[in-house]
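Single-structure report; data block below.
The values are calculated or read from the model by the stated rules, or taken from the named source; none is laboratory data. Given the structure is predicted, the values throughout are model-derived calculations rather than measurements. Using ideal geometry, Cβ is built from the backbone for each residue, glycine included, and neighbour counts are taken over all protein chains shown. Just the protein is used for accessible areas: all its heavy atoms, side chains included, with ligands, DNA and RNA removed. Shrake-Rupley method; radii C 1.70, N 1.55, O 1.52, S 1.80 Å.
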Amino acid sequence: MAGVLQSFSQDMADVVSASDTKIVRVEARRRLPGSGVIWSNDGLIVTSHHLIEREEGITIGLADGSTAEAQLVGRDPGADLAVLQAAGALGNAAEWVDAGELHVGNLTLALGRPGQKVQATLGIVSALGGEWRTPSGGQVDHYLQTDVVMYPGFSGGPLVAADGRFAGINTSALVRGVSLAIPAATVRRVVEALLTHGRMPRGYLGVGIQPVRLAAELQQVSGQETGLMVMSVETGGPAAQAGLVQGDVLVKLAGEALRQVDELQLLLAGDKVGKSVPVQLIRGGQSLELAVTIGQAGA
């Protein structure tokens, strides 16, 4: 038994050692620094949005003890992700594993570099789920919760699978008291969007709306008590082009219920910009479904 434990212990230490050069210290706030992960060999770094309190004078610390300046490429507050560009090439880009390959109970390591040296904590995948929307309105491809202890400065660092591949970016800021990791698929999507736009695009319909209570028979049809009445339609906007008119009551968008204004705002995520999605509505007491192409706010 002692031999098994010793072998397991050494395997974990080897994973940490192999990951060391892929993790940086991020100094962008007055408090304790946070952590980041080298995304690409040309010096692109992924970290947590909440660590970036200043957009100038950002410094990263490397495994060899050296430091480098970095510029903010962009951030996605909804997913608590930010992308930095180091002043020079860094090499040592991380290799990633998709959350779909993980299972509840799998061993994981949370790594961080809040100081000079990499630090580690061991845990398991405690919960896995499908696509979910964060309390801040971000769209995340997989719900990935662990029981790792998120020590100060660990946010922005990697969640590492037992085979050494990185499974996500750890964050303690999205849900209070819960250790979550933003999975690789979401990180990849956010990085691509920020490199293209410099920010996460926001969708819009071009309507003015307010919640209304549905008549009893319409509640039976829609399965909900309230909907969103269209009070105005922007000329030439996405809603107008789709055929929505004043007086329509929206009850679902892309299959998700619309009961309050904030639900529509959350559904108009950047990943839906330019996509055609079904909108279910009530017009003249009758249920109707149209297709609307989500526009980009500020475009």
Could you give the semi-axes, largest first, of the ellipsoid that matches the stretch 186-299, computed as the square roots of 5 times the alpha carbon gyration tensor eigenvalues and rounded to whole Å?
27, 15, 11
Counting only protein heavy atoms with a 1.4 Å probe and every protein chain in place, the carbon and sulfur fraction of the accessible surface of the chain in whole percent equals 50
What relative contact order, as a whole-number percentage, does the chain give when Cα pairs under 8 Å and 6 or more residues apart are counted?
14
Can you tell me the alpha carbon radius of gyration of the stretch 37-172 divided by the globular rule-of-thumb value 2.2 N^0.38 Å?
1.03
Theoretical gain in end-to-end length, Ala216 to Ile124 [0.36 nm per residue, Cα-Cα removed]
28.4 nm
As a test of reading the structure, rank Val125, Val273 by solvent-accessible area (1.4 Å probe, protein chains only), most first.
Val273, Val125
Using a 10 angstrom cutoff on alpha carbons, build the Gaussian network for the chain and name the most mobile of Ala79, Ala94, Ala215.
Ala215
Would you work out the charge dipole size for the chain about its Cα centre, treating the Cβ of every Lys and Arg as +1 and the Cβ of every Asp and Glu as -1, and quote it to the nearest 20 debye?
540
Anyone know which of Gly91, Gly74, Gly255 comes out most mobile in the 10 Å Cα GNM of the chain?
Gly255
Which GluC sites (Glu not before Pro) from the stretch 1-76 combine a DSSP loop assignment with at most 16 other Cβ atoms within 10 Å?
Glu53, Glu55, Glu56
In the stretch 48-156, what trypsin sites (Lys or Arg not before Pro) fall in a loop by DSSP, with at most 14 other Cβ atoms inside 10 Å?
Arg54, Lys117
Suppose R0 equals 22 Å. What FRET efficiency, 1/(1 + (r/R0)^6) with r the Cβ-Cβ distance, do Leu290 and Glu256 give to the nearest 0.05?
0.90
Report the calculated FRET efficiency for Glu56 and Arg31 (r = Cβ-Cβ distance, R0 = 22 Å), to the nearest 0.05.
0.80
Which lysines, on any chain, are close to Lys117 with Cα under 18 Å apart, when same-chain ones fewer than 8 places away are left out?
Lys22
Which number do you get for Rg(Cα) / (2.2 N^0.38 Å) in the stretch 50-110?
1.43
Cα pair distances in the stretch 35-74, grouped into 5 Å bins until the bin that holds the longest one, percent each:
6, 20, 37, 27, 10, 1
Using Cα centres only, tell me the gap between the stretch 238-290 and the stretch 166-213 in whole Å.
20
Please give me, ordered by residue number, the GluC sites (Glu not before Pro) of the stretch 203-251 that lie in loop per DSSP and have at most 16 other Cβ atoms within 10 Å.
Glu225, Glu234
How much of Arg283 can a 1.4 Å solvent probe reach, expressed as accessible area in Å² and rounded to 10?
90
With N residues in the chain, what two-decimal value do you get for its Cα radius of gyration over 2.2 N^0.38 Å?
1.17
10 Å-binned pair-distance histogram of the stretch 129-172 (Cα, whole percent)
24, 52, 23, 1
Can you list the residues, at least 5 places off or on another chain, whose amide H is less than 5 Å from the amide H of Arg202, using H built in the peptide plane?
Ala297
Crossing angle, helix 184-197 versus the chain [Cα axis fit, 0-90 degrees, rounded to tens]
70
